[in-house]
Amino acid sequence: MSNQVGIDINGCAAAAYASVGLIANPFRPCAIGRRPEVSLPGHAAAMRLVREVAFGDDSADLPLWLERSAELPTAYQSFAVADLLAGSTDNQELSMLVAYVPFDCFRIGRVRGTLSVVADRLSGRTFGKTLGLYALEALLVIDHEILEAAALDLSFVGELIALCDQAPEFLAEQVFGPHVVARGKGDQAKNALKIEYHRQMQASADSEPDPDTLDEDVDEIRDLSEPSNDDGSEAGQETHETDEVEYRPIDAVRDYVIAHARRNLSPVVARALRVYFVHGAGAMSQELKVTRGPRKTLKALVRFAGCRFKRVVILYDQFDGWGAVPQDLRMKIVAGLTEIRWAVSPHAVVAIAASPTVTPELAETFAAARKVDWTMPEVQALVGAETLDEEALDSLLSACVLPGRSIATDILSGINEIKSSAPSPFVLDQFAKEAAAVVDRCAGIEPASE
């Protein structure tokens, strides 16, 4: 029996659920106080997407079409998105990053809107693990064609790898500092930034702008990684204080990792890592958006995310205002999404949550996409129900079943016992909590503390 706590898809309990044929507990959302008639169908919709992405055919390099219901209120459909975002990132077994891009984000540009969301999502509280895994990958096989590799103390690097091999977050903390939103701006940090600037900062962005991105143009933004001295002079004007800063072995490691990112990912990503070291995750997130080549930077980011996540999903949603968009702009948006789909392939997959009746142009363009049911058909049967709808129950259960598996018979027997003793009129919340407890018990998961 496992001692894991039932926290649904958000934690390592996924392995326990897999032992009974499930991706996650079909009834867990109601145990934390949300409206079960909406949260349970939302959870089922999220699990259908997880099943397709995490356990589907990886060889099928196709986008995903999440079929929305035009009649269902947007507020109801948001439960599926919330469940998906809350449960994907921290799940070690699924290892999936979901970047949610509402239609309104296109106001700042089709590609830049996507880049902005991916940058924010990647820069979250678990960024240290992603950075640590990338740094570990770069240090395990030293690229001696990178000039900064000559300054590495190989014995120090070996000790660092041995110390941090099983803890990539600790490696990132040792090299770049702890993950914080904003760091202090003390003299030591300023001087360290000046050293890194003069050693590495030659290009401020991807050298060549993307073609055909006139709508993506933005004003030039001052590079956060280029400091100015207290007297107002540029950092290029060396000061005596800068020359006296000690250059340590850990500084050489940081220089090398950043140079490795510039060579293998993007100058923008390399610049952002310098900003992360000095200013923290908040400034890094903004720095990732400062680029003349948003498509190149977006592709570099999803490749960077691939160091940690097996699957990256860019999910476009909230197309309610599609009918008010002029026809010529609609076609530009369709073309933009198609370009993004190919730009991020095979490192990420594009998913579009929409109704064909609302967005016919998108439906036609992505007609060959893999289909996932996000209509939440169980809602109508569960809202105000006085009896348990068997078809809705089967739908909730089947959404969480692993492909090629079946639900453990102990779970089905336990649910049948709850059904036979259910009061009249039927109380969905009570039934769902009891059913969630049955699933957890069969999976060997301890009840979550209230």
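The values are calculated or read from the model by the stated rules, or taken from the named source; none is laboratory data. Remember, predicted model here, so these are calculated numbers, not experimental data. Cβ sites come from the backbone with ideal geometry, for glycine too, and all protein chains shown count toward neighbours. Remember, those area values only see protein heavy atoms, side chains included, never the ligands or the DNA or RNA. Shrake-Rupley method; radii C 1.70, N 1.55, O 1.52, S 1.80 Å.
Summary table
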| quantity | calculated |
| --- | --- |
| Selection count, segment 329-364, where residues are within 26 Å of L301 (Cα to Cα) and hydroxyl-bearing (S, T, Y) | 2 |
| Count of residues meeting criterion [open to solvent by less than 30 Å² (accessible area, probe 1.4 Å), assigned to a loop (DSSP other than H, G, I, E, B) and touching a Pro at 6+ places or on another chain (Cβ under 7 Å)] in segment 290-321 | 1 |
| Segment 37-53, residues that are of a type outside the set (D, E, K, R) and open to solvent by 10 Å² or more (accessible area, probe 1.4 Å) | V53 |
| Tally of residues being surrounded by 13 or more Cβ atoms within 10 Å (Cβ to Cβ) and assigned to a loop (DSSP other than H, G, I, E, B) across segment 133-152 | 4 |
| Inter-residue pairs, beta-carbon under 6 Å, first under 12 Å from L160 (Cβ atoms) and in segment 246-262, second part of a helix (DSSP H, G or I) and open to solvent by less than 20 Å² (accessible area, probe 1.4 Å), 6+ apart | V253/V175; R254/V175; Y256/A149; V257/A135; V257/A138 |
| Subset of segment 331-372 [in contact (Cβ under 8 Å) with a residue 12 or more places away in the chain, closer than 19 Å to R112 by Cβ, open to solvent by less than 60 Å² (accessible area, probe 1.4 Å) and not basic (K, R)] | I333, V334, G336, L337, T338, I340, A343, V344, A348, V350, I352 |
| Single unsatisfied condition, I445 versus (1) modelled with pLDDT of 90 or more; (2) buried (at least 21 other Cβ atoms within 10 Å of the Cβ) | (1) |
| Residue that is among the β-branched types (V, I, T) and open to solvent by 60 Å² or more (accessible area, probe 1.4 Å), where the choices are T375, T409 | T409 |
| Flag for L85 being in a helix (DSSP H, G or I), over 21 Å from K299 (Cβ atoms) and not small (G, A, S) | yes |
| Some residue of segment 415-429 being open to solvent by 60 Å² or more (accessible area, probe 1.4 Å) and within 35 Å of the chain's Cα centre (by Cα) | no |
| Exclusive hit being touching a Phe, Trp or Tyr at 6+ places or on another chain (Cβ under 6 Å) and of a type in the set (D, E), set E67, E71, E37 | E67 |
| From L131, L97, residue being under 29 Å from S19 (Cβ atoms) and either in contact with a strand residue (DSSP E or B) (Cβ under 8 Å, 6 or more places away or on another chain) or at pLDDT 95 or above (or both) | L97 |
| Scope segment 255-277; condition open to solvent by 10 Å² or more (accessible area, probe 1.4 Å) and farther than 15 Å from G132 by Cβ; matching residues | R262, R263, N264, L265, P267 |
| Test result for V401, closer than 30 Å to P294 by Cβ, open to solvent by 10 Å² or more (accessible area, probe 1.4 Å), touching a residue at least 60 places away in the same chain (Cβ under 8 Å) and β-branched (V, I, T) | no |
| Matching residues in segment 153-171 - criterion: being in a helix (DSSP H, G or I) and among the aliphatic types (A, V, I, L, M) | L154, V157, L160, I161, A162, L163, L171 |
| Residue match in segment 389-397 (condition: open to solvent by 50 Å² or more (accessible area, probe 1.4 Å), under 17 Å from V38 (Cα atoms) and in contact (Cβ under 8 Å) with a residue 12 or more places away in the chain) | no |
| Any hit, segment 322-330, residues being in a loop (DSSP other than H, G, I, E, B), surrounded by fewer than 20 Cβ atoms within 10 Å (Cβ to Cβ) and free of Cβ contacts under 8 Å to residues at least 12 places away in the same chain | yes |
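For (1) more than 14 Å from the chain's Cα centre (by Cα); (2) at pLDDT 90 or above; (3) open to solvent by 30 Å² or more (accessible area, probe 1.4 Å), each residue gets a yes or a no:
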site: D61; (1), (2), (3): yes, no, yes
site: Q77; (1), (2), (3): yes, no, no
site: F103; (1), (2), (3): yes, yes, no
site: V117; (1), (2), (3): no, yes, no
site: F127; (1), (2), (3): no, yes, no
